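Below is one structure, written out as structure tokens; comments come after it.
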Amino acid sequence: MPSPKPYALKLSGHAVQGWQAQYIRQQRWLARFLGAQTKEDKLDFVITYFQNAYHLRDWLRILHGDMPAKLDGFFAKNIELRLCQDICHMTKHVILTAPAVDKDSTPSIIRVYGRVDGWYGVNAGLSVRTPNIEYDLKDLALRCSALWSEFVATQELTEDVRKS
């Protein structure tokens, strides 16, 4: 990983609170998604949630020197986080070159009918699908949020490397 470049000033406003800012930011995007009223907002907010949830990994990796191996293991044992990673990358880039879930295909976000809760229209929801997995995006977002909450609660994350 390349060395991070210093900020023009001692710190940038987006990073003053360290990894906690990114953790809270991904929670806010989840809340926006869950409260969204239009299909467009629901799709935009859930995509933005996955982008922010995945990038919490970067914040922890960079700000805590002992995190890379722990984060790699955390992602390796949780397919939900690898789906989050793929959604993040495929919605930010034109081409997903290194899928985390299925090395031979890029997942698809699809509209699924027959949902009792109809969170994305009458009897409809959105899912992410690979050749072997289909996961409702609302359920996936809630699961990723729970996994991150469990992970940060079990780590000693009070300081980051910038404050040493």
So what's the back-of-envelope 222 nm ellipticity for the chain, counting only DSSP H runs of four-plus at -39500 (n - 2.57) apiece and dividing by all residues, rounded to 500? -17000 deg cm²/dmol
I'd like the orientation of helix 39-63 relative to the chain: the angle between its Cα long axis and the longest Cα principal axis, in ° from 0 to 90, rounded to 10. 30 degrees
Of the labelled options [x] 1.12; [y] 0.99; [z] 0.94, which one gives Rg/Rh (Cα atoms, Kirkwood Rh) as computed for this structure? [y]
Taking the Cα atoms only, what angle lies between the long axis of helix 137-153 and the longest principal axis of the chain, rounded to 10 degrees? 20 degrees
Helix 19-35 vs. the chain, principal-axis angle (Cα, 0 to 90°, nearest 10): 20 degrees
Relative contact order of the chain: what whole-number percent is it, with Cα pairs under 8 angstrom and at least 6 residues apart? 19 percent
Give the longest segment of the chain that steers clear of trypsin sites (Lys or Arg not before Pro) in DSSP loops with at most 12 neighbouring Cβ atoms within 10 Å, not counting the sites themselves. 11-76
Could you list 44, 58, 117 so that the one with the fewest beta carbons within 10 Å of its beta carbon is first and the one with the most is last? 117, 58, 44
Using the structure shown, select from 77/103; 42/70; 103/138; 39/77; 39/92 the pairs with a Cα to Cα distance greater than 22 angstrom. 42/70; 103/138; 39/77
One finds the C-alpha centres of the range 44-82 and the range 93-115 to be spaced, in Å, by 18 Å
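Just so you know, all these numbers are worked out from the coordinates, no wet-lab data involved. Quick caveat: nothing in here was measured; it's all calculated off a predicted structure. Glycine also receives a Cβ, built like all others from the backbone with ideal geometry; neighbour counts cover every protein chain displayed.
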